[in-house]
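Here's the structure, in structure tokens; my notes come after.
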Amino acid sequence: MQEALQMLAAQAKAAIASADSSAVLEQLRVSYLGKKGELTAILRGLKDLAPEARAQFGALSNQVKQDIEAQIVGKSSALEESKYSKLATTEALDVTKTLPAAKSGHLHPITQTWMLIEDIFNRIGFEVASGPEVEWDKFNFELLNMPKDHPARDTQDTFYVSDEILLRTQTSPVQIRWMQNHQPPVRIIAPGRVFRRDYDLTHTPMFHQFEGLVVDKGITIQDLKGTCIYAMQSLLGSSTKVRFRPHNFPFTEPSLEVDASCNICQGKGCRTCKHQGWLEMAGAGMVHPQVLRNVGYDPEQVSGFAFGFGIDRIAMMRFGISDLRLLFEGDMRFLQQF
Ligand code: PHE
């Protein structure tokens, strides 16, 4: 009997030590100590022994029972502990770790420039006007003093929708639309998309312009020059130089082209300005008396000036972009830089 008890104790000890979960441990507890357990069976047999032997084995079996109980308790807390230390590695959370910055969208460089232009002109009292991109030939050309056979039409290779309807080649038709519906004084800018059949490093079939128009009593070419200088210096920096060259547009007389000193090389000459030190920024001029008459204004009473700037060109200079086409390809690797 003593041997049986000792074997049982040794077996139990080994089994408890190698139990790897609390479920296995519970099974072991039941199989040794439960009502139908092995040790319980031995203890039950004690009553059949002689009193002397009963006392001896009674003490021994109680000892074995207590040992097994103690081992189970010890193992159980060891198992609990290892469960938590495992969790600490598998579920670890580093509260000091910084998160990658959340990505958010932003405005396209053209849109940023467009908004800045509106802001700069709002400050000196200009309203923002707009007109349709699909336009009547009449507004885009005829009322701007470019009848159907006018040679200057060749300089704006046009997308026609029909004989009378086209994609506007310039923002100048907004001048006509506005003047037909408003009396002087007029002071507007009209930013928008325009379309021409052109495609190379510096031309895309769709690009952006903003038109400016001022009509009132006593407007002179000095007002035009002052406004252009104000606009260029606000957009490209206060040290920007502006020069005016004679030109020809059917809807202005006299007509000018407006150049700004290249802000990439500070006028010294570089690839962007083709080593000229100057970049062509706008067409401008005093509104042709015939255009004023076309919208019902009296050129004896009022005079005005108009200009048309390329928004994309300004964006390229502000952001140092060398290829116009990059602005319209929608490549995120490019756009994310602005
Ligand atoms: N509309 C002309 C162009 O696109 C620019 C311009 C506007 C010239 C207003 C004079 C006056 O070329």
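The values are calculated or read from the model by the stated rules, or taken from the named source; none is laboratory data. Predicted model, so just to flag it, every value in this text is computed and none were measured. Note that each Cβ is placed from the backbone with ideal geometry, even for glycine, and that neighbours are counted across all protein chains shown. Just so you know, the surface numbers come from the protein's heavy atoms only, side chains and all, with ligands and any DNA or RNA stripped out. Shrake-Rupley method; radii C 1.70, N 1.55, O 1.52, S 1.80 Å.
Report the gain in length on full extension from CYS265 to LYS138: 0.36 nm times residue separation, minus Cα-Cα distance, nm rounded to one decimal.
Values: separation 127, 0.36 × 127 = 45.72 nm, distance 4.20 nm.
Computed gain between CYS265 and LYS138 is 41.5 nm.
Give me a comma-separated list of calculated 3J(HN,Hα) values for segment 95-108, in order, Karplus coefficients 6.51, -1.76, 1.60 applied at θ = phi - 60°, integers in Hz, x for any Gly or Pro.
Karplus-based 3J(HN,Hα) across segment 95-108 equals 6, 9, 5, 8, 7, x, 4, 5, 8, 10, x, 8, 6, 4 Hz.
For the chain, give me the percentage of DSSP beta bridges that are antiparallel, rounded to the nearest 5 percent. Before the final figure, lay out each step's value.
Numbers: 43 of 45 bridges.
Beta bridges within the chain, antiparallel portion: roughly 95 percent.
Using Cβ-Cβ distances only, list the Cys residues of the chain with no partner cysteine under 4.7 Å, sorted by number.
CYS228
Tell me the relative contact order for segment 187-242 as a rounded percent, counting alpha carbon contacts under 8 Å between residues six or more apart. Could you put the intermediate results ahead of the total?
Details: 48 pairs, mean separation 15.5, N = 56.
Computed value for segment 187-242: 28 percent relative contact order.
With θ set to phi - 60° and the Karplus curve 6.51 cos²θ - 1.76 cosθ + 1.60, what are the ³J(HN,Hα) couplings of segment 144-149 in order, to the nearest whole Hz, using x for Gly and Pro?
8, 6, 10, x, 3, 9
Among all the aspartates and glutamates, which ones have a C-alpha under 19 Å from LYS268's C-alpha, if same-chain residues fewer than 8 places away are not counted?
ASP259, GLU280
Beyond 28 Å between alpha-carbons counts as too far, so tell me which of LYS36/LYS75; LYS36/LYS86; LYS138/LYS241 fall in that bin. Walk me through the numbers before you get to the answer.
Values: LYS36/LYS75 22 Å; LYS36/LYS86 35 Å; LYS138/LYS241 37 Å.
Pairs exceeding the cut-off: LYS36/LYS86; LYS138/LYS241.
Pop out the ³J(HN,Hα) list for segment 276-281 in order, Karplus 6.51 cos²θ - 1.76 cosθ + 1.60 with θ = phi - 60°, rounded to Hz; leave Gly and Pro as x.
8, x, 10, 10, 6, 10
Place the peptides 291-298, 185-192, 105-112 in order of packing, highest mean first, counting for every residue the other Cβ atoms within 10 Å and averaging per peptide. Before the final figure, lay out each step's value.
Details: 291-298: 16.5, 185-192: 20.4, 105-112: 14.2.
Those peptides, ordered most packed to least, come out 185-192, 291-298, 105-112.
Would you mind calculating the relative contact order of the chain from Cα pairs under 8 angstrom and at least 6 residues apart, reporting the percent as a whole number?
Details: 487 pairs, mean separation 46.7, N = 338.
Reported as a whole number, the value is 14 percent.
Find how much the distance from GLU81 to THR96 grows on full extension, using 0.36 nm per residue of separation minus their present alpha carbon separation; answer in nm with one decimal.
On the way: separation 15, 0.36 × 15 = 5.40 nm, distance 2.56 nm.
Using 0.36 nm per residue and subtracting the Cα-Cα distance, I get 2.8 nm.
Among residues other than THR272 whose Cβ falls under 11 Å from its Cβ, what is the net charge (Lys/Arg +1, Asp/Glu -1)? List each step's numbers first, then the result.
On the way: positive: ARG271, LYS274, ARG313; negative: ASP323.
Overall, the nearby charge balance is +2.
Given only helices, namely DSSP H runs of n ≥ 4 each adding -39500 (n - 2.57), what is the per-residue ellipticity at 222 nm of the chain, to the nearest 500 deg cm²/dmol?
Details: 11 runs with 139 residues, N = 338.
Rounded to the nearest 500, the figure is -13000 deg cm²/dmol.
Among GLN156, THR227, PHE307, whose Cα projects farthest towards the positive end of the dipole of segment 109-335, with charges put on the beta-carbon of Lys, Arg (+1) and Asp, Glu (-1)?
Among GLN156, THR227, PHE307, the one farthest towards the positive end of the dipole of segment 109-335 is THR227.
Taking 8 Å as the Cα distance limit and 6 or more residues as the minimum spacing, I'd like the relative contact order of segment 192-329 as a percentage.
Working: 252 pairs, mean separation 40.6, N = 138.
Averaging sequence separation for qualifying contacts and normalising by length gives 29 percent for segment 192-329.
Starting from the amide H of THR252, placed 1.01 Å from N in the peptide plane, find each other amide H under 5 Å away whose residue is 5 or more places distant or on another chain.
For THR252, whose amide H was placed from the backbone, the distant partners under 5 Å are HIS288.
On each of the three principal axes of the Cα atoms of the chain, give max minus min coordinate, whole Å, ordered largest first.
143, 46, 36
Kindly rank 324-337, 31-44, 277-290 from highest to lowest mean number of other beta carbons found within 10 Å of each residue.
Going by the mean number of other Cβ atoms within 10 Å, highest first, we get 277-290, 31-44, 324-337.
Using a probe radius of 1.4 Å on heavy atoms only, what accessible surface per residue do you get for the chain? Whole Å² is fine. Intermediate values should be presented prior to the final figure.
Numbers: 19200 Å² over 338 residues.
Ligands and nucleic acids excluded, the figure is 57 Å² per residue.
Evaluate E = 1/(1 + (r/R0)^6) for LYS103 and ASN248, where r is the Cβ-Cβ distance and R0 equals 56 Å; express this FRET efficiency to the nearest 0.05. Write down the numbers at each step before the final one.
Working: r = 49 Å, r/R0 = 0.88.
My answer for the efficiency is 0.70.
Amide H to amide H under 5 Å from GLN170: which residues, 5+ apart in sequence or cross-chain, H placed 1.01 Å off N in plane?
PHE195
Give me the net charge for the shell around PRO184: Cβ to Cβ below 11 angstrom, other residues only, Lys and Arg +1, Asp and Glu -1.
Values: positive: ARG187, LYS217; negative: ASP216, ASP298.
Taking every other residue near PRO184 into account, the sum is 0.
Ignoring ligands, DNA and RNA, what percent of the 1.4 Å accessible area of segment 165-241 is carbon and sulfur?
Values: 1640 of 3310 Å².
Ligands and nucleic acids excluded, carbon and sulfur reach 49 percent.
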